[in-house]
Structure formats: C-alpha cells, structure tokens
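Engineer: Right, I'll just put the structure down here and ask away after.
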Amino acid sequence: MLSKACKYAVRAILYLAINSDESKKIGIKKIAEALETPQPFLAKLLQQLSTHHLVSSSKGPGGGFYLTEKDLEITLWDIVLNIDGAEKFNECFLGLSVCSDSHPCPAHHIVKPFRDTILCDFKHKNILQLKEEIENKGTFLSLKLLVE
C-alpha cells in the first residue's frame, strides 16, 4: 500500500523522534546506516520533508536533521500525503481502473474495512504517540542491531 519511499520516510522520522532534538541533530549518513537505507535516496526524502516542514534541519558544522516539539505532532497521514499522495488509498486492491462501493472488484468489500481502519489510524496517530509506543513496547526500526 505504501511506496518504498514512504516507508523509508516514516522510518527516518521515527528514528529522528527517538534519537534527536533541537540540541542533537543527526547527519544523513548516520540515519541511513542505522536504518540500512540508501543514503542519496534518503537524503532527497528528508530534504523534501524538511521543505514541507515535517522535519527540521540545519546546515553547517553540527547541523543535520532533527524533530522539534511541533514536528512530533505530525501524523503518519501527513507523511503519506507528502511522499505518496492520497491516491494510494483509493487504488483498487486488484489494480482495476474502476473500483468503488457502487462498482466493486471481487476483493473490494474484503479490503475496504482494513483500508478504512488504516486510514483512520494514519490520520489520528502522531509521531509522538508512535515514539512512545516504540519506547514502551520495544518495537524496532531496523534489523541491523539484531544481526550484529
């Protein structure tokens, strides 16, 4: 449902939520290594997110990416809209060009409740809430630390 770019963006923002703040900025190289993502691709994504005020950044020595208190209020939906757009949630599960409640594909009524639930969660869950869940439940963003 989400593009690889959007998945990388979400993981990068969650990484920043856990590891950065206004006094602790993180460079793209460190983020890419920690998340095992291609550095040039991730750099473009984070620059796009910064341009649209979903993450903060500063240039120069001691610069890098970070999240402010305001940045922690963004939702998963804000990230999805910025990277993938809303169309991903309107596409037919089977890839048909026309699929709706009035003209459903064979899987429409099976997939629609799940899609609606995910969409609702994406619109209402912010980065701070996800950060707290990661810290409290011990979920992870990369397999790198598990195999070292």
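Engineer: Which ones in the stretch 1-27 are free of Cβ contacts under 8 Å to residues at least 24 places away in the same chain and within 19 Å of Asp78 (Cβ to Cβ)?
Structural biologist: Across the stretch 1-27, the qualifying residues are Lys4, Lys7.
Engineer: Something else about it: Is there a residue being without any contact (Cβ under 8 Å) to a residue 24 or more places away in the chain and of a type in the set (D, E, K, R) anywhere in the stretch 75-85?
Structural biologist: The answer is no, given that none of the residues of the stretch 75-85 is without any contact (Cβ under 8 Å) to a residue 24 or more places away in the chain and of a type in the set (D, E, K, R).
Engineer: Check whether at least one residue in the stretch 97-111 is part of a helix (DSSP H, G or I), among the β-branched types (Val, Ile, Thr) and exposed (fewer than 13 other Cβ atoms within 10 Å of the Cβ), and report yes or no.
Structural biologist: Checking the stretch 97-111: at least one residue is part of a helix (DSSP H, G or I), among the β-branched types (Val, Ile, Thr) and exposed (fewer than 13 other Cβ atoms within 10 Å of the Cβ).
Engineer: Same structure, new question: Any residue at all in the stretch 65-73 that's surrounded by 16 or more Cβ atoms within 10 Å (Cβ to Cβ) and over 26 Å from Ile118 (Cβ atoms)?
Structural biologist: Yes - at least one qualifying residue is present in the stretch 65-73.
Engineer: Could you look through the stretch 17-50, keep only residues that are part of a helix (DSSP H, G or I) and small (Gly, Ala, Ser), and pick out the one that is surrounded by the most Cβ atoms within 10 Å (Cβ to Cβ)?
Structural biologist: The qualifying residue surrounded by the most Cβ atoms within 10 Å (Cβ to Cβ) is Ala17.
Engineer: Another question, if that's okay. Return a yes/no flag: does the stretch 80-87 have any residue that is at pLDDT 90 or above, surrounded by 15 or more Cβ atoms within 10 Å (Cβ to Cβ), within 18 Å of Leu35 (Cβ to Cβ) and in contact with a strand residue (DSSP E or B) (Cβ under 9 Å, 6 or more places away or on another chain).
Structural biologist: no
Engineer: Something else about it: Tell me which residues, restricted to the stretch 112-130, are loosely packed, with under 15 Cβ neighbours inside 10 Å and of a type in the set (Phe, Trp, Tyr).
Structural biologist: The one that is loosely packed, with under 15 Cβ neighbours inside 10 Å and of a type in the set (Phe, Trp, Tyr): Phe114.
Engineer: Looking only at the stretch 37-77, count every residue that is within 15 Å of the chain's Cα centre (by Cα) and at positive phi and tell me the total.
Structural biologist: 1
Engineer: Could you check, for the stretch 51-65, whether at least one of its residues is under 22 Å from Glu135 (Cβ atoms), among the polar types (S, T, N, Q), in contact (Cβ under 8 Å) with a residue 12 or more places away in the chain and part of a loop (DSSP other than H, G, I, E, B)?
Structural biologist: no
Engineer: Those residues that are without any contact (Cβ under 8 Å) to a residue 12 or more places away in the chain and charged (D, E, K, R), I need them from the stretch 34-50; list them, please.
Structural biologist: Passing the criteria: only Lys44.
The values are calculated or read from the model by the stated rules, or taken from the named source; none is laboratory data. As the structure is a prediction and not an experimental result, all values here were calculated from the model. Note that each Cβ is placed from the backbone with ideal geometry, even for glycine, and that neighbours are counted across all protein chains shown.
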